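Here's the structure we're looking at; comments come further down.
The values are calculated or read from the model by the stated rules, or taken from the named source; none is laboratory data. Values in this document were obtained by computation on a predicted structure and should not be read as measured data. Note: ideal-geometry Cβ built from the backbone for every residue, glycine included; neighbour counts use all protein chains shown. Ligands, DNA and RNA are excluded from the accessible area calculation, which covers all protein heavy atoms including side chains. Shrake-Rupley method; radii C 1.70, N 1.55, O 1.52, S 1.80 Å.
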Amino acid sequence: GIIYARYLRSGRWVPIRIGALSLKGAALMSGALPRLHDHVDLAFAYGDHRALVRGPVNKVSSVEEAAQSGAATFSVEFELDDDARRQLTMLLTAARAAQVTIKPPPPRSTRRYPVEWPVCLGTIRGAVRADALDISYGGMFVRPAHPLTMDSSVNFSVVLGDGDKPIAGRAKVVRHVTDVDAQACGLMPGYGLHIVDMN
């Protein structure tokens, strides 16, 4: 019952959330924004249907708008060739037949930022190496080398640069995106951590 979306940014597909979608264009939410007037490639998926489209960015949310809603947004006006129009029409028709409605997510209290930071996690079973994939004021999403336990507490340590002191704290494991979920959604598997305390 969900239409999934990603966009190509710096050679990497970044998951995004859909605020609105039609044959004319889309309003999208992402922590990693393109620039105004950039031409971007977008991939949509619903069930067995896929659509790859392209178009210019005609609006990017301001800092004030992002702070008010907790989500950074951008809009794209599609430039569809025959294949892209056919793919998107079939996807939208299938979603409409299944009575799928696009509901914007609830406002976030803070904006998320995509990162690629090595993180050391301290668990009851010992140290676990992980990669932080996005961060916000209150948490981070990590991909650990070994599974974490839901609702458990972990210590974390991140070194951002040579000679910098580690940023350390405690967090609680509050979300798990499994391999199956990740494949279906076009996301990375991993765990959401809520930061409880930080130096």
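A few comments on the model shown:
- Any hit, region 140-151, residues being open to solvent by 40 Å² or more (accessible area, probe 1.4 Å), closer than 19 Å to ALA32 by Cβ and at pLDDT below 90: no
- Flag if ASP134 is more than 27 Å from SER62 (Cα to Cα), at pLDDT below 95 and not small (Gly, Ala, Ser): no
- Matching residues in region 45-60 - criterion: being out of contact with any Pro (no Cβ under 8 Å at 6 or more places or on another chain) and closer than 20 Å to SER10 by Cβ: LEU52, VAL53, ARG54, GLY55, PRO56
- Check on SER61, surrounded by 15 or more Cβ atoms within 10 Å (Cβ to Cβ), small (Gly, Ala, Ser) and modelled with pLDDT under 90: yes
Yes/no matrix, rows are residues, columns are (1) touching a helix residue (DSSP H, G or I) at 6+ places or on another chain (Cβ under 8 Å); (2) within 22 Å of GLY1 (Cα to Cα); (3) assigned to a helix (DSSP H, G or I); (4) open to solvent by 20 Å² or more (accessible area, probe 1.4 Å):
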site: ASP41; (1), (2), (3), (4): no, no, no, yes
site: SER75; (1), (2), (3), (4): no, no, no, yes
site: GLU79; (1), (2), (3), (4): no, no, no, yes
site: ARG86; (1), (2), (3), (4): no, yes, yes, yes
site: MET90; (1), (2), (3), (4): no, yes, yes, yes
site: ALA95; (1), (2), (3), (4): no, yes, yes, no
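- Cross-chain or 6+ apart pairs with Cβ under 7 Å, region 29-40 first and more than 8 Å from ARG9 (Cβ to Cβ), then open to solvent by 40 Å² or more (accessible area, probe 1.4 Å) and outside any loop (DSSP other than H, G, I, E, B): MET29/ARG17; MET29/THR73; GLY31/TYR113; GLY31/PRO114; LEU33/VAL60; LEU36/VAL60; HIS39/ARG54
- The number of residues in region 18-39 that are outside any strand (DSSP E or B) and open to solvent by less than 30 Å² (accessible area, probe 1.4 Å) comes to 4.
- Among (1) surrounded by 14 or more Cβ atoms within 10 Å (Cβ to Cβ); (2) touching a His at 6+ places or on another chain (Cβ under 9 Å), the one test that VAL174 misses: (1)
- Region 116-138 - residue that is of a type outside the set (Phe, Trp, Tyr) and open to solvent by 70 Å² or more (accessible area, probe 1.4 Å) and, of those, nearest to the chain's Cα centre (by Cα): GLU116
- When region 1-13 is filtered for residues that are open to solvent by 30 Å² or more (accessible area, probe 1.4 Å) and touching a Lys or Arg at 6+ places or on another chain (Cβ under 8 Å), only TRP13 remains.
- Boolean, ALA72 is within 22 Å of ILE135 (Cβ to Cβ) and touching a residue at least 40 places away in the same chain (Cβ under 8 Å): yes
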